[in-house]
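Engineer: Mind having a look at this structure? Questions to follow.
What follows is calculated from the coordinates using simple rules that are stated; it is not laboratory data. Just so it is clear, the structure is predicted and the values come from calculations on it, not from any experiment. Neighbour counts run over all protein chains shown; Cβ positions are idealised from the backbone, glycine included.
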Amino acid sequence: MAVLMVLILLGVAIAAWACKGFVIFCLEVAVSTAAGKRGKRNPWLESNYAPVRQELLEADLPVEGTLPAALDGAYVRNGPNPLHQPIGGHHWFDGDGMLHAVRIKDGKAAYSNAYVQTSKYKQEKKAGRPLFFTLGAMEGVSGVLIYMLQQLKEKLGVVHTKEGDGPANTSVVFHNKQLLALVETDLPQVVRVNNDAHIETLERQTYGGQLRSPFTAHPKIDPKTGELHGIGYSFSKPWMHYYVIGSGGTLKLDIDIELPAPVMMHDFAITEDYAVFLDFPLTINQEGLIKGKPLVRFDEGRASRFGVLPKSSEVPEKIRWFEMPAMFAFHVANAWQEGNSIRLFACMYTEGFDFANVAAGKDRSLPRMVEVRLDLDSGKATSRIVSEVHCEFPTIPDSLVGRKTKYTYVVMYEIVDGEERPHGLAKIDLTASSPAAAATISFGRSRSGGEAVFIPSSTNPAELKGEDDGYLATYVYDKASDSSDFVVYDARSFSPEPVARVKLPQRVPHGFHGKHINVAQFQAQFPFDIHFLPDI
Ligand SMILES: [Fe+2]
C-alpha cells in the first residue's frame, strides 16, 4: 500500500513538473479572474486598436494621385498587435510588434505586414498562449502575484529571457545600414524589407553584448556625425544609461545617469553639443503595487527635471539639472542651442497625466506643444505654450535633429463621444513668438490617422526650396469602411488634398512610429546588389 502511495505521489509530481507551464497559466487565469481583469472590456483591443490576424503581402495596389519619386524605397511603421488574447490586464504598450510596410518604386506600391520575430513572439507562438507578463496587469496585489509567477516561470524554464523579453513594438530607425525595430524594454531587432515588400527579422542587435540596459525606442541620429545617441532605463540602479553608438555601429560611450527615483523616460533630446534628459515624475513604483497602486504612476508632487550633459563628456558629473513644475511628455519634437540657451519643444501634458488611461478615451488633459527654455548662464528654466492644438507624435526632417527647426508636424486629437480621435495633422511654427495658429489637415469624416513621417523631396539638400520641401506619409483608418489607406500629403503647401492615396488590402491598427527609407538606404540593408532580385 505504502509503495502504491509513493508511486502515485511520484506520478503526480512528475505530471505537475511536466505540465508546470500549464499549471502556472491556470494560476495566472485564477489571479486575473479574481482581480476582475479577465473578460473585462478593454479599449486597447477594440475598434482600430484591435489586432489584425493575417500577415499579407500584396502588390499592384490601387493608387489615387501620384506617388512622388522621392518616396521610392519603403515606408515602415511599427505598432502593437497582440498575438494571443491577453490572460488579464492589457495596455496598448503590451502588444507584439507588427511592422506594416509600403514598398514604393516608380509610382507603384506593394503592402506587407509581419510580426517582429522576437524571442517573446517565438516562445508564445510555440506555446499557443501568452507567456510573458503585461504592463496592463501590473496593478495592485494581483500585479504582484502575476510578477511573482513570471519570476517562477523563468526559474522553472517555462520562459527564456536570455534573448530578451520585449515586444519590439514601438518604432523603426535606420542606422549603420540596418533597419531597427525598437521598444524601450529591450534591445533593438534588426529587420529588413525586401524588394518584393516581404519583411524579415534578422537578429537581435546587442552591439557586441556591450549594452547594460534596454535601449530607447527614440534614439537620435546626429545628422553631422551619424552617431546614434540613446538612453536606457531599467528597474535596477543606476536606473538610467546614456549611450553613443558610432556611425559604424560600435559602442563609443556608456555613462550611468543618477536619478532620485526610477522613471519611465520614453524620449530625450540632443542638440549640436548636448544631450538633454527628461526626468519627469512618471515613476516606476514596485512597492506601490502592494498598496493597490499601478506600477507606473504620475507623481504630481515631484518636480520635473531637465538634465543637460555635453555630448563629448565621458563623466556624468558634468550634467546640469534644471527644475520645472510637474509635467510630462512622451515625445520631443526637437531641441537646439540658441545663444547660451537650449530650446526644447515637446508635446507636453501640463495639467496632470494619467498613464493607465492615456489615449483610452479617459485622459482629458491632452498635450500641447510647449517650449522649455534652459538658460545655461542663469541655470533657470522657463516654459511657454507654442500652440493650443492638442497634439502628439511630432516629426521633423531627419537632417534637422538637434538643429534649429521652423516647423514640426503633429497629429491632432479631439474628444468625440468620450473617445480620443486623432483627426488630422497640424504644421506648427516653433519659431513664432506667441501661440501660433497652425496650418491643419483633416483626415476626413470618420477617419483617424497616425504619426506623419517627413520625407524630403530630394536627398540633395541643395535642391530643396526650404526645410518643409517634402511629403508627409501616414496610415489613415476609415471607421465607416473599416479599411486603411497609405496617404501622402504635401508638407510645404499643407493642402488637405493628398498627393497620393494607396488603398491597402487590410486595415492597419493604430500604432506608434514609422520611418521612410530611401533608395540608397533600401539597398544598404543588403550586402549584395538587389537590382536583379524580383521587385514589385
Ligand atoms: Fe514614442
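Engineer: Describe numerically, in nm with one decimal, the distance between label points set 7 Å from Cα along Cα→Cβ at SER378 and at GLN210.
Structural biologist: 4.1 nm
Engineer: Given an 8 Å cut-off on Cα distances and at least 6 residues of separation, report the relative contact order of the chain as a percent.
Structural biologist: Details: 1319 pairs, mean separation 71.8, N = 536.
RCO, the chain: 13 percent.
Engineer: Between HIS160 and HIS198, what's the calculated FRET efficiency when r is the beta-carbon distance and R0 is 45 Å? Round to 0.05. Kindly include the intermediate steps, with their values, before the conclusion.
Structural biologist: On the way: r = 28 Å, r/R0 = 0.61.
Efficiency for this residue pair is about 0.95.
Engineer: On to the next question. Based on the Cβ-Cβ distance from LYS465 to ALA50, what FRET efficiency comes out when R0 is 41 Å, to the nearest 0.05?
Structural biologist: Numbers: r = 42 Å, r/R0 = 1.02.
E between LYS465 and ALA50, to the nearest 0.05, is 0.45.
Engineer: How much length would be gained if the chain were fully extended between ASP482 and VAL416, taking 0.36 nm per residue of separation minus their Cα-Cα distance, in nm to one decimal?
Structural biologist: On the way: separation 66, 0.36 × 66 = 23.76 nm, distance 1.77 nm.
Taking ASP482 through VAL416 to full extension adds about 22.0 nm, to one decimal.
Engineer: Non-local amide H neighbours of MET98 (under 5 Å, H modeled in plane, Pro and chain starts lacking H): which ones?
Structural biologist: Amide H to amide H, under 5 Å and 5 or more residues apart or across chains, MET98 pairs with GLY79, ASN81, VAL116.
Engineer: Between THR33 and ASN285, what's the calculated FRET efficiency when r is the beta-carbon distance and R0 is 25 Å? Round to 0.05. Could you put the intermediate results ahead of the total?
Structural biologist: Details: r = 25 Å, r/R0 = 1.01.
It comes out at approximately 0.50.
Engineer: Let me ask another. Going by average Cβ density within 10 Å per residue, which order do the peptides 414-423, 392-401 take, highest to lowest?
Structural biologist: On the way: 414-423: 15.2, 392-401: 20.5.
Sorting 414-423, 392-401 by mean packing, highest first, produces 392-401, 414-423.
Engineer: Okay, moving on. How would you rank GLU388, GLU371, going from fewest to most other Cβ atoms within 10 Å of each one's own Cβ?
Structural biologist: Details: GLU388 12, GLU371 19.
Taking fewest neighbouring Cβ atoms as first place, the list is GLU388, GLU371.
Engineer: May I have the count of lysine pairs in the stretch 105-208 with C-alpha atoms under 16 Å apart, counting pairs 8 or more residues apart or located on different chains?
Structural biologist: Numbers: LYS120/LYS153; LYS120/LYS162; LYS122/LYS162; LYS126/LYS153; LYS153/LYS162.
Close lysine pairs found across the stretch 105-208: 5.
Engineer: Using alpha carbon centroids, what distance separates the stretch 476-509 and the stretch 152-194, in Å?
Structural biologist: 29 Å
Engineer: Take the alpha carbon atoms of the stretch 318-358, find their center, do the same for the stretch 70-122, and report the distance between the two centers in whole angstrom.
Structural biologist: 29 Å
Engineer: Please report the spacing between the Cα centers of the stretch 435-465 and the stretch 397-415 in Å, no decimals.
Structural biologist: Rounded to whole Å, the Cα centres lie 9 Å apart.
Engineer: What are the ³J(HN,Hα) couplings of the stretch 183-189, residue after residue, when phi is run through the Karplus curve with 6.51, -1.76, 1.60 and θ = phi - 60°? Round to Hz, x for glycine and proline.
Structural biologist: Residue by residue, the stretch 183-189 yields 8, 6, 9, 7, 8, x, 10 Hz.
Engineer: On to the next question. LYS404: which lysines have alpha carbons under 18 Å from its alpha carbon, excluding same-chain residues fewer than 8 sequence positions away?
Structural biologist: Result set, ordered by chain and number: LYS220, LYS224, LYS311, LYS427, LYS465.
Engineer: I need the shape label for the stretch 198-338. Rule: rounded when a/c is under 1.5, else prolate if a/b > b/c, else oblate, with a, b, c from the alpha carbon gyration tensor.
Structural biologist: Values: a/c = 1.81, a/b = 1.30, b/c = 1.40.
Note, shape of the stretch 198-338 comes out oblate.
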